[in-house]
Amino acid sequence: MRQRQNVTLHEETIRLIKEYQEQHHIRYPGEALDRMVAEWEEQQFKDHSQEYVMGLMAQRFQEVFSNEMKRLKLAANQSDKNTQVLLELMNGFAMDQNLESCVTTPIFESQAMKDAKEAVEERISNQRQKRISTRESQAHHSNQPSVHLAD
């Protein structure tokens with residue numbers, strides 16, 4: 001239903017309405033205003049929809065990365081604990097042997113150290129392969145893309 005209104009507009013607003021009329025081949029200013037308002041409402045709806053989708057995406061990313069961060073924190077804590085235990089053992093060994101100095105690996109790396117490094121690298125590689133296989137299996141079974149952090 002159309003209703004007549006007497007309104008006072010700024011000259012700039014009148015100029016914009018006339019320009020819109022010309023661009024869209026509209027005969028009456030009221031019709032131009034109706035279309036301008038309809039476009040504005042549509043844009044408002046799109047903006048709210050985009051905000052909603054962006055909010056959902058941000059929430060999902062936060063959930064995924066929060067879980068990954070928890071996993072990384074647990075791994076770091078375990079590594080820290082293992083390192084502290086090794087430091088205590090090495091200190092006890094040095095005291096038991098009355099060691100006054102230490103030959104560091106840049107000066108000389110024993111075969112035992114080389115073997116230990118190789119064993120650790122192999123263990124890490126095996127664990128990485130297990131994680132990759134598990135992820136691939138889960139992605140295959142769920143038929144949904146999964147989010148991965150680089151190993």
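Give the stretch 1-17 a look and list any residue that's part of a loop (DSSP other than H, G, I, E, B), of a type in the set (S, T, N, Q) and under 11 Å from residue 33 (Cβ atoms), or say none.
Residues of the stretch 1-17 part of a loop (DSSP other than H, G, I, E, B): 1-10.
Those left that are additionally of a type in the set (S, T, N, Q): 3, 5-6, 8.
Matches in the stretch 1-17: 5 only.
Return yes when residue 119 is modelled with pLDDT of 90 or more, aliphatic (A, V, I, L, M) and assigned to a helix (DSSP H, G or I) and no when it is not.
Working: modelled with pLDDT of 90 or more: yes; aliphatic (A, V, I, L, M): yes; assigned to a helix (DSSP H, G or I): yes.
When the stated conditions are applied, residue 119 passes them.
Restricting to the stretch 28-52, what's the tally of residues that are in a loop (DSSP other than H, G, I, E, B) and either at pLDDT 95 or above or in contact with a helix residue (DSSP H, G or I) (Cβ under 7 Å, 6 or more places away or on another chain) (or both)? Reasoning before the result, please.
Here is the first cut: in the stretch 28-52, the residues in a loop (DSSP other than H, G, I, E, B) are 28.
In the following step, the residues that additionally are either at pLDDT 95 or above or in contact with a helix residue (DSSP H, G or I) (Cβ under 7 Å, 6 or more places away or on another chain) (or both) were identified as none.
Number satisfying all stated conditions: 0.
Report whether or not residue 101 is surrounded by fewer than 10 Cβ atoms within 10 Å (Cβ to Cβ), over 30 Å from residue 131 (Cα atoms) and out of contact with any helix residue (DSSP H, G or I) (no Cβ under 8 Å at 6 or more places or on another chain).
Working: surrounded by fewer than 10 Cβ atoms within 10 Å (Cβ to Cβ): yes; over 30 Å from residue 131 (Cα atoms): yes; out of contact with any helix residue (DSSP H, G or I) (no Cβ under 8 Å at 6 or more places or on another chain): yes.
For residue 101, the condition - surrounded by fewer than 10 Cβ atoms within 10 Å (Cβ to Cβ), over 30 Å from residue 131 (Cα atoms) and out of contact with any helix residue (DSSP H, G or I) (no Cβ under 8 Å at 6 or more places or on another chain) - is met.
Condition test on residue 112, is it part of a helix (DSSP H, G or I) and surrounded by 10 or more Cβ atoms within 10 Å (Cβ to Cβ)? Write out each step before concluding.
Working: part of a helix (DSSP H, G or I): yes; surrounded by 10 or more Cβ atoms within 10 Å (Cβ to Cβ): no.
No: the conditions fail for residue 112.
Considering each residue of the stretch 130-151, count those that are outside any helix (DSSP H, G or I) and either under 19 Å from residue 69 (Cα atoms) or at pLDDT 80 or above (or both), and give that number.
In the first step, residues of the stretch 130-151 are kept if they are outside any helix (DSSP H, G or I); the result is 143-151.
In the following step, the residues that additionally are either under 19 Å from residue 69 (Cα atoms) or at pLDDT 80 or above (or both) were identified as 146-151.
Total satisfying the criteria: 6.
Considering only the stretch 15-27, how many residues are touching a helix residue (DSSP H, G or I) at 6+ places or on another chain (Cβ under 8 Å) and loosely packed, with under 13 Cβ neighbours inside 10 Å? Reasoning before the result, please.
Initial filter on the stretch 15-27 (touching a helix residue (DSSP H, G or I) at 6+ places or on another chain (Cβ under 8 Å)): 17-18, 20-21, 24, 26-27.
After this cut, where a residue has to be loosely packed, with under 13 Cβ neighbours inside 10 Å as well, the list is 24, 27.
Of the residues in the stretch 15-27, 2 are touching a helix residue (DSSP H, G or I) at 6+ places or on another chain (Cβ under 8 Å) and loosely packed, with under 13 Cβ neighbours inside 10 Å.
Which of the residues that make up the stretch 100-115 are hydrophobic (A, V, I, L, M, F, W, C) and either over 20 Å from residue 79 (Cα atoms) or at pLDDT 90 or above (or both)?
Here is the first cut: in the stretch 100-115, the residues hydrophobic (A, V, I, L, M, F, W, C) are 102-103, 107-108, 112-113.
Of everything in the stretch 100-115, those that are hydrophobic (A, V, I, L, M, F, W, C) and either over 20 Å from residue 79 (Cα atoms) or at pLDDT 90 or above (or both) turn out to be 102, 103, 107, 108, 112.
Would you please name the residue that is nearest to the chain's Cα centre (by Cα), looking only at residues in the stretch 42-100 that are over 26 Å from residue 124 (Cβ atoms) and acidic (Asp, Glu)?
63
With the structure loaded, tell me whether residue 107 is on the phi < 0 side of the Ramachandran plot, assigned to a helix (DSSP H, G or I) and without any contact (Cβ under 8 Å) to a residue 24 or more places away in the chain or whether it fails that test.
Values: on the phi < 0 side of the Ramachandran plot: yes; assigned to a helix (DSSP H, G or I): no; without any contact (Cβ under 8 Å) to a residue 24 or more places away in the chain: yes.
When the stated conditions are applied, residue 107 does not pass them.
The values are calculated or read from the model by the stated rules, or taken from the named source; none is laboratory data. Nothing here was measured: the structure is a model prediction, and the numbers come from that model. Neighbour counts are summed over all protein chains in view; Cβ atoms, including those assigned to glycine, are modelled from backbone coordinates with ideal geometry.
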